[in-house]
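These notes concern the structure reproduced below.
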Amino acid sequence: MVDGSSACGFVAIVGEPNAGKSTLINQLVGGKVSIVTPKVQTTRFNIRGVCAYSESQLIFVDTPGIFAAERSFEKAMVQAAWAGIGDADAVLLLIDAKQKLRDSTLQLFENLKKQCKKPLYLAINKIDAVEKSTLFELAKTCDGLGNFAQIFMISALKGDGVEDITKCLAVAMPPGPWLYPEDQMSDISMRLLAAEVTREKIFLKLDQELPYAIFVETEAWEETENAVKISQVITVQRDGQKKIVLGDKGSMIKSIGITSRKDLEKQIGKHVHLSLFVKVRPGWRDDIESYRLLGLEYKK
């Protein structure tokens, strides 16, 4: 849309790990653009989800969770989150209603209050799991901690209250032409989305810390009218990790491949032939090339 009444802007969704940012952005855009797992620190880079409401196009940026990072790779993720905040026209802070306001949460409130120069909104998530009296007190406390333009009560999983966010932010977007076609939900490439889907299945199937040491890359993509042939490499850091991913007689990687393929077929709308390979690459998380593949840049 390019007429004089149109508006378009970026909204950074920020918060601590596992607040529900990826679930929320999928609800906002009406489709899967960001992977969701019960584990913290799943999102590794800024993902844009596109939503049209009335005359406005909102570009929601799902940022990595903000936490006290120690490793270079983790610091690059947090830096990406703060970069998303700096580039946004509005910022939406998401917190978990089930969690107490910890020191790290209070520090995030304080940092946003000092550093965020754009309109700041707060969404209290998972309201269906908390008593109304507790929610009221939490909202009252949060209101005193930050300069919020508005506070929303939502359940990202069920979609309750999510449309209120869209309506409010659509009015707050600056005038300008739309940056994406009306039917586009994300700017993430299908190759990268496919890799993220497989990484999601690894997170869901491996209960240990192993998923955090894994990198998935789509190496080949051959598409015909009715099918897609995808080849992906799962990179781990040690031989022992490779054995876990493969499983007994290849049972684990087969299970990962089946669930990933089914999900991808829903996303792509075609039959998918998915081939998964596992390779060992010690120290990949300290390799700057790995960062670049994810669009990350670590500045010391």
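Before moving on, here are some points about what is shown:
- Legend: residues 268, 124, sorted from most to least accessible area (1.4 Å probe; ligands, DNA and RNA excluded), read 268, 124.
- Difference of contour (0.36 nm per residue) and Cα-Cα distance, residue 268 to residue 145: 39.9 nm
- Highest average packing first - 198-204, 169-175, Cβ atoms within 10 Å: 198-204, 169-175
- 131, 217, ranked by accessible area, largest first (probe 1.4 Å): 131, 217
- Between residue 133 and residue 239, the modelled labels are 6.1 nm apart [label points 7 Å from Cα along Cα→Cβ].
- Label-zone membership for region 191-207, site residue 221, 7 angstrom Cα→C-beta point, backbone N under 14 Å: 191-198
- Couplings 3J(HN,Hα) of region 159-174, computed from phi: x, 5, x, 5, 5, 4, 5, 4, 4, 5, 6, 4, 6, 7, 6, x Hz, in residue order, whole Hz [Karplus 6.51 cos²θ - 1.76 cosθ + 1.60, θ = phi - 60°; x for Gly and Pro].
- Distant alpha-carbon pairs in region 218-263 (separation over 12 angstrom), percent: 69 percent
- Whether region 90-140 is rounded, prolate or oblate, judged on the alpha carbon gyration tensor where a/c under 1.5 counts as rounded: prolate
- The amide H of residue 272, built 1.01 Å from its N in the peptide plane, has 228 as neighbours under 5 Å, considering only residues 5 or more places off or on other chains.
- Legend: residues 191, 261, sorted from most to least accessible area (1.4 Å probe; ligands, DNA and RNA excluded), read 191, 261.
- Taking max minus min of the alpha-carbon positions on each principal axis, region 143-290 gives extents of 54, 45, 33 Å, largest first.
- What the Cβ-Cβ distance of residue 229 and residue 167 gives, at R0 = 45 Å and to the nearest 0.05, is a FRET efficiency of 0.60.
- Each residue of region 145-153 was assigned a 3J(HN,Hα) from its phi angle through the Karplus expression (A = 6.51, B = -1.76, C = 1.60, θ = phi - 60°), giving 9, x, 8, 8, 5, 6, 10, 10, 10 Hz with x at Gly and Pro.
- Per residue solvent-accessible surface (Å²) - region 215-264, probe of 1.4 Å: 54 Å²
- Overall dimensions of region 151-221 by Cα: Rg and Dmax, Å: 17.7, 47
- Within the accessible area of region 132-263 (1.4 Å probe), percent carbon and sulfur: 52 percent
- Per residue, the accessible area of region 81-211 comes to 52 Å² when a 1.4 Å probe rolls over the protein heavy atoms.
- Residue 176 long-range amide H proximity, modeled H, under 5 Å: 6, 7, 8
- For the cross-link pairs 21/98; 32/249; 205/270; 98/262, the ones whose C-alpha atoms lie over 23 Å apart are 32/249; 205/270; 98/262.
The values are calculated or read from the model by the stated rules, or taken from the named source; none is laboratory data. All values reported here derive from a predicted model rather than from experimental measurement. Neighbour counts are summed over all protein chains in view; Cβ atoms, including those assigned to glycine, are modelled from backbone coordinates with ideal geometry. Keep in mind that these areas ignore ligands, DNA and RNA; they rest on the heavy atoms of the full protein, side chains included. Shrake-Rupley method; radii C 1.70, N 1.55, O 1.52, S 1.80 Å.
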